[in-house]
Amino acid sequence: MNAMSDIEIARKNEQQAIKPITEIAQQIGLQPDDIEQYGSYKAKVKLATLAQQCVSNAHRLILVTSINPTPAGEGKSTVTIGLGDALKRLNKRAVIALREPSLGPVMGIKGGATGGGYAQVVPMADINLHFTGDMHALTSANNTLAALIDNHIQHGNQLQIDQRRITWKRVLDINDRALRQVVIGLGGPTQGVPRQDGFNITVASELMAVLCLATSLSDLKQRISKIVIGYNINQQPVTVADLKVAGAITLLLKDALKPNLVQTLEHTPTFVHGGPFANIAHGCNSVLATQAALKLGDYAITEAGFGADLGAEKFLDIKVPQLGKHPDAIVLVATVRALKYNGGVALADLKQENIAALKAGFANLKRHIQNMQQYGVPVTVAINHFTADTAAEITTLQQLCQALGVQAVDTNVWAKGGAGGIDLAKAVITSLAEQHTYQPLYEPQASIPEKINAIVQKIYGGKKVEYTAKAKRQMADFAANGWDKLPICMAKTQYSFTDDPKQLGAPEDFTIHVREFVPDLGAGFLVALTGHVLTMPGLPKHPAALDMDIDADGNITGLF
Ligand code: ADP
């Protein structure tokens, strides 16, 4: 086991070895004029510079995803970073693209998003806290729009917005359950018009998705103009364009749109940009950052949030059409502990060897492997090695994968950095040579229920979908508005293929319950809210914040 925590490893290495960001930029052909520095170790890359470069077929895209995780996460970011470092050790021009952390998980239960052990991006604390301010810019832009809506109503409501049908919510980048439902505008005529409102977490907001899918500043503005903020008294949609504030909202995001460049502990150039959650949003870093990694490296390694049923499905069905390139290889991260968890072992007992539970939980990995193979992309399994894993467990897992014709590589990047990922990197390079034909899951022209059926039956392994009366009404309205040709962004628990977080493994014959849709026209998808998934999470009984501190010299403890 690493004797040191993630923050201790990051801090020690940052002090000893972090390189000026200008040197990292230079590695990928960027001159000081091409970047805007945020201190010595972080920079944004100018959009004009990126626009001058193209992506060719020679550039390889590797998508890292995972099985259904335990609440702690299964090491997707860690493996993504370690794989990038390993490819660099093999003298490949590797560039990584990751999501930006949200303060919700950082202060809550899951921790940050900078990897772990010796496979981390740095400066770790900066990236996990305020970074280059993108999250704050998104929060401000979102809430500026909310203020402009209420101001419009206060001053005569020319657009006849029905204040009971405003769908645009305020946001905050922290889990705060007390803000899920609020009443605003109390206090009399000069204090606004009272109405019921609510907050989402910033990373679930449509603006975050818009930022992540935009391909340029003008595309960002186009998308923002299309956002539906609610409905008028005749139940017709009201957009940002109707409010005439697309320009103001776009300018608040002009810097946030530029991809952020940092480095791994082994100096591999890494873009960390955009961070929608995968359970309640589309779960992938920005199109611009992934394109930047593709343009500036020969191998772009990126990840999609939570399990492959959420993040990877959305990467493939929502992001790929905007990116204009599909992955050439998929890496599925599995851990012995999460497979045992999916096989019915309690969280407290995951460190004990249990081959029977591992075999039972393998059904979960098997379904994810077959799901990814449906898209026609070669799959490699990365076994993210934990110190408690036994040799018998690793061998069993490798044999189970081999029986499916898939290579499973024991990967130890958390303990050894890139050196622990060389075998994985070699296996991925081999898989990149496999002939394949990419096959999307559904056609955009399909109806809303056809698209949802495809996801539920071909990815989740479920049988049918039940819609509430509201969801049925919405589907009819959306079809009448011509919105039904958009892809679907499922909002679902990350712990299960079903919409019930307690049903682990690979359940069959289940029903998915769609309670409501949210039309995210700026992002260009329809969110289907299933089960009890919430767009403003709550903090746990013992949030990570309770274990954090900073001393008089600025040394931080408790970040992970
Ligand atoms: P994900 O991206 O799947 O959410 P992360 O890569 O963020 O997961 O890892 C979650 C946490 O687990 C981090 O704190 C990381 O340090 C820890 N972790 C990841 N891999 C290992 C490992 N092999 N051994 C021990 N801890 C690990």
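The values are calculated or read from the model by the stated rules, or taken from the named source; none is laboratory data. This structure is a prediction, so every number in the text was calculated from the model and none was measured. Please note: Cβ atoms are built from the backbone with ideal geometry, for glycine as well, and neighbour counts cover all protein chains shown. Protein only, heavy atoms only, side chains kept; ligands, DNA and RNA dropped before computing areas. Shrake-Rupley method; radii C 1.70, N 1.55, O 1.52, S 1.80 Å.
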Worksheet item: Does region 164-181 contain any residue that is within 30 Å of Gln37 (Cα to Cα), part of a loop (DSSP other than H, G, I, E, B) and open to solvent by 30 Å² or more (accessible area, probe 1.4 Å)?
Response: yes
Worksheet entry | Check on Ala480, within 16 Å of the ligand (Cβ to nearest atom) and either surrounded by fewer than 21 Cβ atoms within 10 Å (Cβ to Cβ) or farther than 29 Å from Asn342 by Cβ (or both) | no
Practice prompt. Kindly indicate whether Ala146 is in contact (Cβ under 8 Å) with a residue 60 or more places away in the chain, touching a Lys or Arg at 6+ places or on another chain (Cβ under 9 Å) and either at negative phi or among the polar types (S, T, N, Q) (or both).
Written response: no
Worksheet item: Counting just the residues of region 184-206 that are among the aliphatic types (A, V, I, L, M) and over 14 Å from the mean Cα position of the chain (by Cα), which one comes out surrounded by the fewest Cβ atoms within 10 Å (Cβ to Cβ)?
Response: Leu186
Worksheet item: Quick check: anything in region 127-135 touching a residue at least 40 places away in the same chain (Cβ under 8 Å), crowded, with 24+ Cβ neighbours inside 10 Å and within 14 Å of the ligand (Cβ to nearest atom)?
Response: yes
Worksheet entry | Qualifying residues in region 31-47 (those that are assigned to a loop (DSSP other than H, G, I, E, B) and closer than 20 Å to Ile81 by Cβ) - the one least open to solvent (accessible area, probe 1.4 Å) | Lys42
Practice prompt. Might you check whether a residue that is modelled with pLDDT under 95 and either in a helix (DSSP H, G or I) or more than 19 Å from Ile455 (Cα to Cα) (or both) occurs anywhere in region 517-529?
Written response: no
Worksheet item: So, of the residues in region 288-325 that are charged (D, E, K, R) and part of a helix (DSSP H, G or I), which turns out to be farthest from the ligand (Cβ to nearest atom)?
Response: Lys295
Worksheet item: Restricting attention to region 221-261, which residues are under 30 Å from Gln120 (Cβ atoms) and either out of contact with any Pro (no Cβ under 7 Å at 6 or more places or on another chain) or of a type in the set (Asp, Glu) (or both)?
Response: Leu253, Lys254, Asp255, Ala256, Leu257, Lys258, Pro259, Asn260
Worksheet entry | Residue among Lys19, Lys44, Lys110 that is over 29 Å from Ile174 (Cβ atoms) and assigned by TED's automatic domain parsing to the domain that holds Leu365 | Lys19
Discussion item. With the requirement that a residue be surrounded by 21 or more Cβ atoms within 10 Å (Cβ to Cβ) and small (Gly, Ala, Ser), what does region 406-426 give you?
Written reply: Ala408, Gly417, Gly418, Gly420, Gly421, Ala425
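Looking for whichever is crowded, with 17+ Cβ neighbours inside 10 Å and closer than 24 Å to Leu339 by Cα here; the options are Ala491, Ala471, Ala523. Which one fits?
Details: Ala471 fails: closer than 24 Å to Leu339 by Cα; Ala523 fails: closer than 24 Å to Leu339 by Cα.
Within the list Ala491, Ala471, Ala523, the selection yields Ala491.
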Worksheet, complete the sentence: Residues in region 354-405 that are surrounded by fewer than 16 Cβ atoms within 10 Å (Cβ to Cβ) and within 16 Å of the ligand (Cβ to nearest atom) total 4
Discussion item. Residues that are open to solvent by 10 Å² or more (accessible area, probe 1.4 Å) and within 16 Å of the ligand (Cβ to nearest atom): does region 48-71 have at least one?
Written reply: yes
Fill in: Residues satisfying the stated conditions in region 102-125, i.e. open to solvent by less than 10 Å² (accessible area, probe 1.4 Å), within 9 Å of the ligand (Cβ to nearest atom) and not aliphatic (A, V, I, L, M)
Gly111, Thr114, Gly116, Gly117, Gln120
Worksheet item: Which pairs have Cβ atoms under 6 Å, sit 6 or more apart or on different chains, and link a residue in region 1-28 that is in a helix (DSSP H, G or I) to one that is within 11 Å of the ligand (Cβ to nearest atom)?
Response: Asp6/Gly116; Asp6/Phe560; Ile7/Leu559; Ala10/Gln120; Ala10/Met124
Worksheet item: Right, Lys258: closer than 29 Å to Val55 by Cα and without any contact (Cβ under 8 Å) to a residue 60 or more places away in the chain or not?
Response: no
Response to the item:
Note on region 213-257: residues small (Gly, Ala, Ser) and either in a strand (DSSP E or B) or crowded, with 19+ Cβ neighbours inside 10 Å (or both) are Ala214, Ser225, Gly230, Ala246, Ala256
Discussion item. One residue is enough: does region 40-56 have a residue meeting the conditions farther than 25 Å from Asp134 by Cβ and β-branched (Val, Ile, Thr)?
Written reply: no
Worksheet entry | Flag for Gly344 being touching a Pro at 6+ places or on another chain (Cβ under 9 Å), in a loop (DSSP other than H, G, I, E, B) and among the small types (Gly, Ala, Ser) | no
Worksheet, complete the sentence: Scanning region 1-30 residue by residue, those of a type in the set (A, V, I, L, M), surrounded by fewer than 16 Cβ atoms within 10 Å (Cβ to Cβ) and within 16 Å of the ligand (Cβ to nearest atom) turn out to be Met1, Ala3, Met4
